[in-house]
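Take a look at the structure below.
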Amino acid sequence: MHNKEVTVVSKTSRMASRLIPSEIIRLSGEINQRVLSGESIFNLTIGDFDPGIFPLPKALHLAIRRAYDEGMTNYPPANGVVPLRKALSAHIERRMGLSTDPEDILVSSGARPLIYSLYKTIVDPGDVVVYPVPSWNNNHYCHLSAAQGVAVETLASDEFMPQAEALGPHLENASLLALCSPQNPTGTVFSKENLRSICKLVLEENRRRAGQRKPLYVMYDQIYQELCMPGTQHEHPLILEPAMRDYVVTIDGMSKAFAATGIRVGWAFGPREVLTKMRAILSHVGAWAPKPEQMASAWFLQNIPEVDAYLDGFRAAVGRRLNGLYADILDLRQSGYPIDAIRPGAAIYLTVQIPWLGRTVGNRRLDQVSDVADYLIDQCKVGLVPFRAFGAPDAGGWHRISVGTLREEDIPLVGKALKQGMDQFGD
Ligand SMILES: Cc1ncc(COP(=O)(O)O)c(C=O)c1O
C-alpha cells in the first residue's frame, strides 16, 4: 500500500488565505467581550475615540445633518466633490503653508483606501517597500500588494523614529518608503534634521535612477498632525525639500484630527500622475467618501473659528491624558517599579515599557509576551497593545497606550492599576 498524497485545496486566493487579521482589533474585541460580561477593564488598545468622551465637532455634526436634509445623497465624483477639494486646498495652505492645487487632491473613505491604492499604484509584485517597525499596518499593505517588505528596526533611544542612516542602505532597490509622523504607535515625530536627511537620500536615489527606473516614492502619513502637543513640531518633506514634490504622496484625513473615525473622509495629495492612478483604482473599488460627509467636511473646514476652537480643546484634552499617564508612570519608575515611558509628543498614544517577562506572581510566571498581556488584563485590568502587533521585536517589553477611550477622571486610576499589578510580583 502506498501513501496517497493529500493536497489541501485552498478555497480562496493565496493572498486571501494568508491574510493576517488585525491583532489590535482581536485584542480590543476580547476585552470588550469581558467588559460586556461585567468586568471593569480600561480598554486602552484601539486607536479610536469613545464618542461619549470625544464627540465630533458640533458644527460638523450639524453640517452632516444639513447635507442629508438637502438631499446630497447621490454618487460624488470619483476624486471628491469640488467644494471639499477647494476647502482642503485652503486648509492645507493655512495649516501647513503648502500650496496644493485642488486637482492634486484625492478624497476617499478615510485614509485606508488611499494607502491601499497608493501601494497598488506604485508597487509591482515583488517590489521592495521599506518601512520602520514599529509602524501601523505596513506589513498588511505589503501583503495586499505582494510587495517585499523590508522592516527597518528603530531604537527606543531614537523614540522609535526611523533614522536616515538606518533607512539609507535599503533605498537602492526600493519602490516605496512608507513613513508616518506623528507616528502610530509611538506618538513621536520626525526631527527636522532627520527628515531632511531622509529627503536628501530619496532625492539622491532618484537622481541616480535618472528616469531609467521607476522612481522611489515616499508615502507620508500625517493623519495625526493636528494632535501635536505644545513643544512638538510637525515636519513635512515638501517644506524641508520642495524638490520632493515629485515623489511624496501625503495621506491625511478627518478621522483623528476631529475624532471623526466613523465619518470616513480622508484625502491624499501628491504628484498628479500618481493620484490619477490611485483615483482610477479607487473608482473600481468604490471607496469614495459618502457625499453628505464630503459636503459637510467642506463647510466645516471653511468655518475657521470652529475648526480652531475644536482643535485647541481637543489637543488640550488629549494632552492632559498623555501627560497625566506619563507623569504617573515616571513616578512609579522613580519609586523603583519596573516600568518606563517615552515622553509623549503627539497623536493619542503613549509608549510605555513593561519589562515584565520572567516575573512571577505566586506560582504564575510571565514567560511569553502574551502572558504579560494577559496579566495586564486579568490583574491590572488594563488592556494595552504590545509593539509586536506593529511588527517590532519583543525585546524591551514596549507597548502602546491609546487614550481615545480614557475618561479624564480615570487618568490616575490607570497608574494605580499598574502599580497594584506590580506590587504582586514575587521577585
Ligand atoms: C497612521 C494611521 N494612518 C491611517 C489610519 C487610518 O485612518 P482612517 O480611519 O481614516 O482610514 C490610521 C488609523 O488608525 C493610522 O493610525
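Structural remarks
- Rounded Å value of the spacing that divides the Cα centres of region 1-57 and region 172-233: 30
- Filtered GluC sites (Glu not before Pro), region 28-136: DSSP coil and at most 12 other beta carbons within 10 Å: Glu39, Glu70
- Listed residue pairs exceeding 25 Å between alpha carbons, taken from Lys214/Lys277; Lys11/Lys214; Lys58/Lys277; Lys214/Lys256; Lys256/Lys291; Lys214/Lys291: Lys11/Lys214; Lys58/Lys277; Lys214/Lys256; Lys214/Lys291
- Stretched out straight at 0.36 nm per residue, the stretch from Asp312 to Ser157 would grow longer than its current Cα-Cα span by 52.8 nm.
- When DSSP beta bridges are restricted to pairs lying wholly in region 58-304, around 30% turn out antiparallel.
- Size-normalised alpha-carbon gyration radius of region 58-304, reference 2.2 N^0.38 Å: 0.99
- Beta bridges assigned by DSSP with both partners in the chain are antiparallel in approximately 50 percent of cases.
- Whole-Å distance, taken between Cα centres, linking region 282-331 and region 350-409: 28
- Rel. contact order, % - alpha carbon contacts under 8 angstrom, at least six apart, region 299-427: 26
- Net charge, Leu60 excluded, C-beta distance under 12 Å - Lys, Arg +1, Asp, Glu -1: +1
- When peptides 249-255, 285-291, 49-55 are sorted by average Cβ neighbour count within 10 Å, with the highest value leading, the order is 249-255, 285-291, 49-55.
- Charge tally for Val248 (other residues, Cβ to Cβ under 14 Å; Lys, Arg +1; Asp, Glu -1): -4.
- For the chain, relative contact order (Cα pairs under 8 Å, six or more residues apart, normalised by length) works out to 22 percent.
- Scaling against 2.2 N^0.38 Å puts the C-alpha radius of gyration of region 72-119 at 1.22.
- Hydrodynamic estimate: the Kirkwood radius of region 109-176 over Cα pairs, inserted into Stokes-Einstein at 10 °C and 1.306 mPa s, corresponds to D of 127 µm²/s.
- Other-chain or far-sequence residues with amide H under 5 Å of Val133's (modelled H): Val152, Glu153, Thr154
- When the chain is reduced to its Cα atoms, the Kirkwood hydrodynamic radius in Å: 22.8
- Here's the picture: charge each Lys and Arg Cβ at +1 and each Asp and Glu Cβ at -1 in the chain, and of Ile348, Ser109, Phe160 the one pushed furthest to the positive end of that dipole is Ser109.
- For region 235-251, the Karplus equation 6.51 cos²θ - 1.76 cosθ + 1.60, evaluated at θ = phi - 60°, returns couplings of 10, 9, x, 6, 6, 7, 9, x, 5, 6, 3, 6, 10, 9, 10, 8, 10 Hz by residue, with Gly and Pro reported as x.
- Pairs of Cα atoms nearer than 8 Å and 6+ residues apart set the relative contact order; for region 58-304 it is 30 percent.
- Counting only the Cα atoms, region 155-237 fills a convex hull of 93 Å³ per residue.
- Ranking Gly71, Ser255, Ala210 by Cα position along the charge dipole of region 58-304, where only Lys, Arg, Asp and Glu carry charges on their C-beta atoms, puts Gly71 farthest toward the positive end.
- In the chain, helices alone account for a calculated mean residue ellipticity at 222 nm of -12000 deg cm²/dmol, with every DSSP H run of four or more residues adding -39,500 (n - 2.57).
- Size of charge dipole - region 249-380 - debye, nearest 20, with Cβ of Lys, Arg +1 and Asp, Glu -1, no other charges: 280
- All other residues whose Cβ lies under 13 angstrom from that of Asn184 are scored, Lys and Arg at +1 and Asp and Glu at -1, for a net of +1.
- Lysines whose Cα lies under 26 Å from that of Lys419, excluding same-chain neighbours fewer than 8 positions away: Lys381
- Magnitude of the charge dipole for the chain, about its Cα centre and with charges confined to Cβ atoms of Lys, Arg (+1) and Asp, Glu (-1), is about 880 debye.
Only the coordinates and a few stated rules stand behind these numbers; no lab work does. The structure displayed is predicted, hence computed values, not measured ones. Quick reminder, even Gly has a Cβ in these numbers, built from the backbone with ideal geometry, and neighbours come from all protein chains shown.
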